[in-house]
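One structure below.
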């Protein structure tokens, strides 16, 4: 498996640090973007394979733009109250999955599964 890189962009810095700590054992590079402005730069700079994005920070239109600009990027949205309606809407604009914010196991599984499916982790 080639080294994989993930960028985390969360509204709460404590959540971002907790996710980064949990994911660091599974990805070659884990970076935290502190704002949407910094997000694009981080994706480009670190050649991110996956993005863990707070749905309270980014709206569906922003996910659609990110997916159009980075079509091979696995976008895993997070939300404290993720539900099926939000999941379906996010998938329709290009997200790979939506997970509860602190469901690190679900986030990891979704990212790895989707990266393997697209061939990025092969």
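The values are calculated or read from the model by the stated rules, or taken from the named source; none is laboratory data. Everything numeric here is computed off the predicted structure, so don't read it as measured data. Neighbour counts run over all protein chains shown; Cβ positions are idealised from the backbone, glycine included.
Odds and ends about this structure:
- Scanning region 1-28 for residues being surrounded by 15 or more Cβ atoms within 10 Å (Cβ to Cβ) and within 21 Å of residue 71 (Cβ to Cβ) gives a total of 7.
- The requirement of being surrounded by 15 or more Cβ atoms within 10 Å (Cβ to Cβ), modelled with pLDDT of 90 or more and either out of contact with any helix residue (DSSP H, G or I) (no Cβ under 7 Å at 6 or more places or on another chain) or over 23 Å from residue 71 (Cβ atoms) (or both) is not satisfied by residue 96.
- For residue 107: the one exception among (1) surrounded by 20 or more Cβ atoms within 10 Å (Cβ to Cβ); (2) touching a helix residue (DSSP H, G or I) at 6+ places or on another chain (Cβ under 9 Å); (3) at pLDDT below 90: (3)
- Filter pass, residue 33 being at pLDDT 95 or above, farther than 23 Å from residue 117 by Cβ, in contact with a strand residue (DSSP E or B) (Cβ under 7 Å, 6 or more places away or on another chain) and surrounded by 16 or more Cβ atoms within 10 Å (Cβ to Cβ): yes
- A count restricted to region 37-59 and to residues that are free of Cβ contacts under 8 Å to residues at least 40 places away in the same chain and within 18 Å of residue 14 (Cα to Cα) stands at 2.
- Listed by first and then second residue, the pairs linking a residue in region 16-36 that is without any contact (Cβ under 8 Å) to a residue 60 or more places away in the chain to a residue that is assigned to a helix (DSSP H, G or I), with Cβ atoms under 7 Å apart and 6 or more places separating them unless they lie on different chains, are 30/20; 30/23; 31/42; 32/16; 32/20; 33/39; 33/42; 36/62.
- Any hit, region 59-77, residues being exposed (fewer than 13 other Cβ atoms within 10 Å of the Cβ), touching a helix residue (DSSP H, G or I) at 6+ places or on another chain (Cβ under 8 Å) and modelled with pLDDT of 90 or more: yes
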